[in-house]
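*Asks:* Sharing a structure below in structure tokens format, with a few things to ask.
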Amino acid sequence: MEAKATLNYTRISPRKVGLVLDLIRNKPVNLAEAILEHTPKAACEDLSKLLKSAVANAENNFQMDRGSLYVSQCFVSPGPILKRIRARDHGRAFRIYKRTSHITIVVKEKE
């Protein structure tokens, strides 16, 4: 049995999110929440909310015990890229890519 939560179209680069996801993969939920709370990265706030959502899904929809949950899978995939233009010297234009992410966290119960 597994419960999951997804966060789509988040305005943060998948590369930045992936660094933080590597820290919490295969960790118990309590430890993962502590790691996210004390890591100074931009993605931690969104990931903390997403982890709480996955845990709530496990408790309410599948009657799992919160104490025995762990992060079994977590991954990020790139979303659509917002393309913007910044003015440069001599009338040129410079492309800016504002990247988005689709994040998924899956929690399972230990056997």
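Since every read-out is calculated from the coordinates, none of them should be taken as a lab result. From a predicted model like this one, the values you see are computed outputs, not experimental measurements. Note: ideal-geometry Cβ built from the backbone for every residue, glycine included; neighbour counts use all protein chains shown.
*Asks:* Can you pull out every residue in the stretch 61-78 that is polar (S, T, N, Q) and touching a strand residue (DSSP E or B) at 6+ places or on another chain (Cβ under 9 Å)?
*Replies:* N61, S68, S72, Q73, S77 - these are the residues of the stretch 61-78 that are polar (S, T, N, Q) and touching a strand residue (DSSP E or B) at 6+ places or on another chain (Cβ under 9 Å).
*Asks:* Restricting the search to the stretch 42-72, which residues are without any contact (Cβ under 8 Å) to a residue 40 or more places away in the chain and in contact with a Leu (Cβ under 7 Å, 6 or more places away or on another chain)?
*Replies:* Scanning the stretch 42-72 gives C44, S48.
*Asks:* Quick one: in the stretch 66-111, which of the residues that are among the hydrophobic types (A, V, I, L, M, F, W, C) and loosely packed, with under 13 Cβ neighbours inside 10 Å is nearest to R15 (Cα to Cα)?
*Replies:* I81
*Asks:* List the strands (runs of 3 or more DSSP E) that sit entirely inside the chain and contain at least 1 residues that are within 10 Å of the chain's Cα centre (by Cα) and at negative phi.
*Replies:* Filter on the chain gives 2-10, 69-78, 101-109.
*Asks:* Could you check the stretch 16-29 and list, in sequence order, the residues that are out of contact with any Leu (no Cβ under 9 Å at 6 or more places or on another chain) and either touching a residue at least 12 places away in the same chain (Cβ under 8 Å) or surrounded by 12 or more Cβ atoms within 10 Å (Cβ to Cβ) (or both)?
*Replies:* K16, G18, L19, R25, N26, K27
*Asks:* Evaluate the following for T104: is it closer than 16 Å to V20 by Cβ and touching a Phe, Trp or Tyr at 6+ places or on another chain (Cβ under 6 Å)?
*Replies:* So T104 fits the description; yes.
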